[in-house]
Structures are given as structure tokens and as C-alpha cells.
Amino acid sequence: MPVLHPDRRQLLASALGLSLVGLGACERAEPLVRVATNPWVGYTGLLLARELGHFNNPSLRLLELTTASDSLLALASDQVEAATLTLDEWLVAREGQLDLRVIMVFDESAGADVVMARPGITRVEQLRGQRVAVEETATGALLLSRTLDAAGLRPDDVIKLPLAGAAQLAAYASGAVDAVVCFEPYASQLARQGAHRLIDSRRFPGVIMDVLAVRASALAASPEVFKQLLVGYFQALGVLQNSAAQSAALMAPAQGISALEFTAALKGVHLMNLDDNRRLLDAAAPGLRPMAQSVATLMQRSGLLKQVPVLDGVMDGRFLPATDWRA
């Protein structure tokens, strides 16, 4: 698991603690279920579900963190029971001895993960010798690895600066970096600063997928809460898809972008519906498993995983709802 600076660990613990103020004295029939998420546009359905009042179980808490690295740290330090992660982040967490099960697939990135560059950099080959901001403990490391490999560059051909989220925006604004490996909504915010898309996840289909990863022990302790979570999510997904303009107006401000930018960003992900999830998490032959094994193989070749894991019995579609809320 990633090792973070003690100050960051303390700040994260404080943030998680503050989010639970007043809950300690409450009596619950079920254990607390805390779900960590980050600003990735593909997770918008979770936040929309909360806005629509679908998460009214007092045992359920959605915690908004800044980065995927923060979510991984929260899992590693037993401060959350579940987190929204990419496949590669989930694989890293499992290699770090966290028994996490995938119970839902949010999306496949189709352009919303991106390498943004200064105007003078128009080809990936021009990244040689340039300063690149990347969140090295998250999916940005995989996207950068694939990008460099596709251009015949080695990892040490670029100067990597381990930055994420708002720190990337500040570094670009100050001239401290030449390119940024990021995702929406940060890509839209960088575009406002004059950065342009150099390459994005459309170049690497099937590599970046987002899932809900849950501790096996939490699934056993709170199965009904997770079923309610998924019901609320898919209800919100129906609203997001059937009332796109209203949803954009509601959710864009929290992402720091306009409704038009939000709508454009959402086009960079393929959101998985219930039928997709049933296919991907089928008990007999989950379609997600060979995809995850393929990603693991890429990661091992890039030095991001030590070995390709066996992924039998770690994908569970039993918590998916029976009803689809699409029009």
C-alpha cells in the first residue's frame, strides 16, 4: 500500500473524524458503513443519489476525499469499509493484503482520463525531458506508463512529480510542470488555464474501469446496507441519464466546472447500467475477471504490480438490485 507523509495521514484522519461528528452516540442495529469517493466524474451517480435523498440509512455515510490515494489510505487504516476505485487501484490494494470485493462497476473511461500538456507539446514523443505531474499511487501511473510505452519512451525519459488533484492545478498555473496526468473535472479546469489534450483513455480501451470495492468483512456484516446503496445509486443513474440537463445543473458546481463542462466531461465515460453489471459480475463467468487480469498483466510489465493475481471469487453480483430505473 502507498506510504503517505504523517501530516497527510493526520489530516485525512481528522477529515474522516469530522465527517462523523455526532454519530458516535447513536445506537444502530447495523455497523457503520463508510464509503470513500473522490471527484472523478464517473462517480457522480453516488453524489446525486445522496442529493436526491436515496441514502437515508443512518448507517451509511458517503465520504468525499480529494484523491484515490486518500481512499486507498482510508481503506488501509480501517477508516472506511468501501471505496470507489479503478481496477488498477483495486489490484494494488489487494496486493497490499486488503480483502476487497467488487460489487459494482461504475464505468469505463472513454476519454475522461487524460494527459494534458502545454500548447507547445503536440506529440507524446515531446514529453521526453519534460516535467509531468502524476498521482503515482493511483490510475494516473498506469495511464502514464501506457502513454510512454505507446510512444516508445521509458519511464525515466520524463521527470515525474508526484502531485494530485488541486496540487496539479496549482503546479501547472505556476509553470512548475509541463504536462499533467489527470481526470475530469480537473482536465476541464486545466483547459481553462490553456492546457490541451495530448492523449486520453480512448487510446487504451478496457484499461481504466471504475468499481465499488468493499471489504469482505463489511459485506458479511452489513449486506442490506450495501444492497440499499446500490438501489440508491441505480435510481440516481436513471435520473442522470433521463434528466441530463437538470442533473448537470445540480452537480456541476460541486465539481468546480460549468454545467456545459460537466455534460462534456460525462461523455468521456461509459456508465455501466444494471445489464452491464450483471454481465460483468456474473457468478459463473464474470466478464470483469479477464479484463482485470489483462490490466494486472499490463501493470506487472510496467512494475506497478509484483505478480498477476488469481481473481476467483472476488467479484460479487449478489448485491445488484432486481429493477432497472432506465426509461
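Read-outs: derived from the displayed coordinates by stated rules, not from any lab. This is a predicted model, so every value here is computed, not measured. A quick note on method: Cβ atoms are made from the backbone with ideal geometry, for glycine too, and the neighbour counts reach across all protein chains shown.
Considering only LEU100, PHE55, PHE226, the residue lying farthest towards the positive end of the dipole of the chain is LEU100, judged by Cα position with unit charges set on Cβ. Against the chain, whose longest principal axis comes from its Cα atoms, helix 223-242 is set at around 60 degrees. Computed over neighbours whose Cβ is under 10 Å from that of VAL211, the net charge equals -2, Lys and Arg +1, Asp and Glu -1.
Can you tell me what percent of all Cα-Cα pairs in the chain are more than 31 Å apart? Counting pairs separated by more than 31 Å, the tail of P(r) holds 28 percent.
Measuring nothing but how far apart in sequence close Cα pairs (under 8 Å, 6+ apart) lie, relative to its length, region 113-203 scores a relative contact order of 51 percent. Comparing ASP70, ASP149, ASP276 in a Gaussian network model of the chain, where Cα atoms under 10 Å apart are tied by springs, the biggest mean-square fluctuation is seen for ASP149. Amide H contacts under 5 Å for GLY287: LEU280, LEU281, ASP282, restricted to partners 5 or more places along the chain or on a different chain, H placed in the peptide plane at 1.01 Å from N. Here the sum of -39500 (n - 2.57) over DSSP H runs of 4 or more residues, divided by the residues of the chain, equals -12000 deg cm²/dmol at 222 nm, to the nearest 500.
Once you sort the root eigenvalues of the Cα gyration tensor of region 142-216 as a ≥ b ≥ c, which label holds: rounded (a/c under 1.5), prolate (a/b larger than b/c) or oblate (the other case)? Since a/c reaches 1.5 but b/c is at least a/b, the shape of region 142-216 is classed as oblate. The lysines within cross-link reach of LYS227, meaning a Cα-to-Cα straight distance under 29 Å and a gap of 8 or more places when in the same chain, are LYS267.
Any idea how far the Cα center of region 189-235 sits from the one of region 83-129, in Å? When both Cα centres are located, 11 Å separates them. Per residue, the average separation of C-alpha pairs within less than 8 Å and at least 6 apart gives the chain a relative contact order of 25 percent. Against the chain, whose longest principal axis comes from its Cα atoms, helix 288-301 is set at around 40 degrees.
Calculated FRET efficiency, GLN130 to ALA283, Cβ-Cβ distance, R0 = 41 Å: about 0.30 to the nearest 0.05.
Since only ILE159, HIS196, VAL181 are under comparison, the one whose Cα sits farthest along the positive direction of the charge dipole of region 113-203, derived from C-beta charges on Lys, Arg, Asp and Glu, is HIS196.
Note that region 83-97 has calculated 3J(HN,Hα) couplings of 7, 8, 9, 7, 4, 5, 5, 4, 5, 5, 5, 5, 5, x, 6 Hz, one per residue in order, obtained from phi through the Karplus relation 6.51 cos²θ - 1.76 cosθ + 1.60 (θ = phi - 60°); glycine and proline are x. Taking all Cα pairs closer than 8 Å and separated by 6 or more residues, the relative contact order of region 190-320 comes to 21 percent.
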